Amino acid sequence: MPGVKVSVLLPAAGSGERIGRGPKAFLEVGGKTLLDWALEGFAWADERVVALPPERSLETPGIKTVLGGQTRQQSVFNLVQAATGEIVLVHDVARPFVVRAAVERLLEAVRTSGAATLAVPVPDTLVQEASGEYGAVIPREHHRLVQTPQGFRRELLWKAHLKARAEGQEFTDDAQLVRWLGHPVALVEGDRRMFKITYPEDLLLAEGLARVWNS
């Protein structure tokens, strides 16, 4: 987006409890930390801002850092406060493989609508759980799996965070927060390679993809 400054915000203060190997951002895949992968994937951005846990520091030149919060939302609040771009992209470092074409689609949607997120169709049969049994089938064509980055005009996201902070509201991602504010969020075609590392077995998948990615 020529002439529009883009800031990439990376909340990296999570504890990684479900994997159980310390802060997730500092786990290694393919010889690099998940944070390193994300920073490299957004090397083209005008500004990269990282929220870190208090016991961590980052010596990478040109990277701005802020103190992470107790929750993801608190960390993103600190990141948005520090960002200077007109457009901000909020990305989970647990998604180390950044597909540039998907990000470009996202940026175009943000330029048009002010708020957008990557998302992919649900590939599997989707059912309701009924006391441990196979419940009602949910039509999957009307559902999407949300990915990051999510993109916003910075002032819109900042307004949403201020309102949520004032009213004590917590959300699991920023698209929910902006939608709660009353602003629509566009869905943009994502990429399945941008999967999220959540469980130990995901690290095995990531190691395999890292070998192909590096080549």
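The values are calculated or read from the model by the stated rules, or taken from the named source; none is laboratory data. Keep in mind it's a predicted model, so treat the numbers as computed, not measured. Backbone-built Cβ (ideal geometry, glycine too); neighbour counts: all protein chains shown. Just the protein is used for accessible areas: all its heavy atoms, side chains included, with ligands, DNA and RNA removed. Shrake-Rupley method; radii C 1.70, N 1.55, O 1.52, S 1.80 Å.
Tell me, what % of the accessible area of the range 72-199 is carbon and sulfur with a 1.4 angstrom probe?
Percent of accessible area from carbon and sulfur atoms in the range 72-199: 50.
Evaluate the charge dipole of the range 107-160 about its Cα centre and quote only its size in Debye, nearest 20, assuming +1 on the Cβ of each Lys and Arg and -1 on the Cβ of each Asp and Glu.
Dipole of the range 107-160, to the nearest 20 debye: 460 debye.
Quote the charge dipole size of the range 34-156 about the Cα centre in Debye, to the nearest 20; the model charges only the Cβ of Lys and Arg (+1) and of Asp and Glu (-1).
Around 240 debye, computed over the range 34-156.
Note down the accessible area of residue 163, probe 1.4 Å, to the nearest 10 Å².
80
Taking 8 Å as the Cα distance limit and 6 or more residues as the minimum spacing, I'd like the relative contact order of the range 51-132 as a percentage. Don't skip to the end; give the middle numbers.
Details: 38 pairs, mean separation 13.5, N = 82.
Relative contact order of the range 51-132: 16 percent.
Normalized C-alpha radius of gyration of the range 32-139, against 2.2 N^0.38 Å?
Values: Rg = 17.7 Å, N = 108, 2.2 N^0.38 = 13.0 Å.
For the range 32-139, the normalised Cα radius of gyration comes out at 1.36.
In a shell of Cβ-Cβ distance under 10 Å around residue 62, excluding residue 62 itself, what net charge do Lys and Arg (+1) and Asp and Glu (-1) give? Provide the component values of the computation, followed by the final result.
Numbers: positive: 48, 64; negative: 47.
Here the charged neighbours net out to +1.
How much length, in nm to one decimal, is gained on full extension between residue 44 and residue 192, taken as 0.36 nm per residue of separation minus their Cα-Cα distance? Intermediate results must be reported in sequence, preceding the final value.
Working: separation 148, 0.36 × 148 = 53.28 nm, distance 2.16 nm.
Gain on extension, residue 44 to residue 192, equals 51.1 nm.
Among DSSP bridges having both ends in the chain, what percentage is antiparallel? Round to the nearest 5.
Working: 16 of 33 bridges.
If we restrict to bridges inside the chain, about 50 percent are antiparallel.
Before anything else, pin down the relative contact order of the chain: Cα pairs under 8 Å, at least 6 apart, normalised by residue count, whole percent. Could you put the intermediate results ahead of the total?
Details: 404 pairs, mean separation 49.9, N = 215.
Taking the mean separation of contacting Cα pairs over the length of the chain, I get 23 percent.
Tell me whether the range 162-206 comes out rounded, prolate or oblate; compute the Cα gyration tensor, take square roots of the eigenvalues as a ≥ b ≥ c, and use a/c under 1.5 as the rounded threshold.
Oblate.
I need to check one value: relative contact order of the range 4-105, counting alpha carbon pairs closer than 8 Å and at least 6 residues apart, in percent.
For the range 4-105, the relative contact order is 41 percent.
For the range 61-138, what is the accessible area per residue in Å², given a 1.4 Å probe and the full set of protein chains? Numbers along the way, then the final one.
Working: 3540 Å² over 78 residues.
Each residue of the range 61-138 exposes 45 Å² on average to a 1.4 Å probe.
Could you give the size of the charge dipole of the chain about its Cα centre, using +1 on the Cβ of each K and R and -1 on the Cβ of each D and E, expressed in debye and rounded to the nearest 20?
The dipole magnitude comes to about 420 debye.
So what's the back-of-envelope 222 nm ellipticity for the chain, counting only DSSP H runs of four-plus at -39500 (n - 2.57) apiece and dividing by all residues, rounded to 500?
Details: 6 runs with 70 residues, N = 215.
Estimated from H runs of four or more residues: -10000 deg cm²/dmol.
Could you work out the local net charge near residue 148, counting Lys and Arg as +1, Asp and Glu as -1, over the other residues with Cβ closer than 12 Å to its Cβ?
With Lys, Arg at +1 and Asp, Glu at -1, the net is -1.
Let me make sure I get this right: for the range 89-215, a, b and c are the square roots of the gyration tensor eigenvalues over alpha carbons, sorted descending. Under 1.5 in a/c it's rounded, otherwise prolate if a/b > b/c, else oblate. Which is it?
It comes out oblate by the Cα gyration axes.
When the chain is modelled as a GNM with alpha-carbon springs shorter than 10 Å, which of 65, 198, 172 fluctuates the most?
It is 172.
Work out the FRET efficiency for residue 63 and residue 199 from their Cβ-Cβ distance, taking R0 = 30 Å, and round it to the nearest 0.05.
Details: r = 28 Å, r/R0 = 0.94.
The pair residue 63/residue 199 has a calculated efficiency of 0.60.
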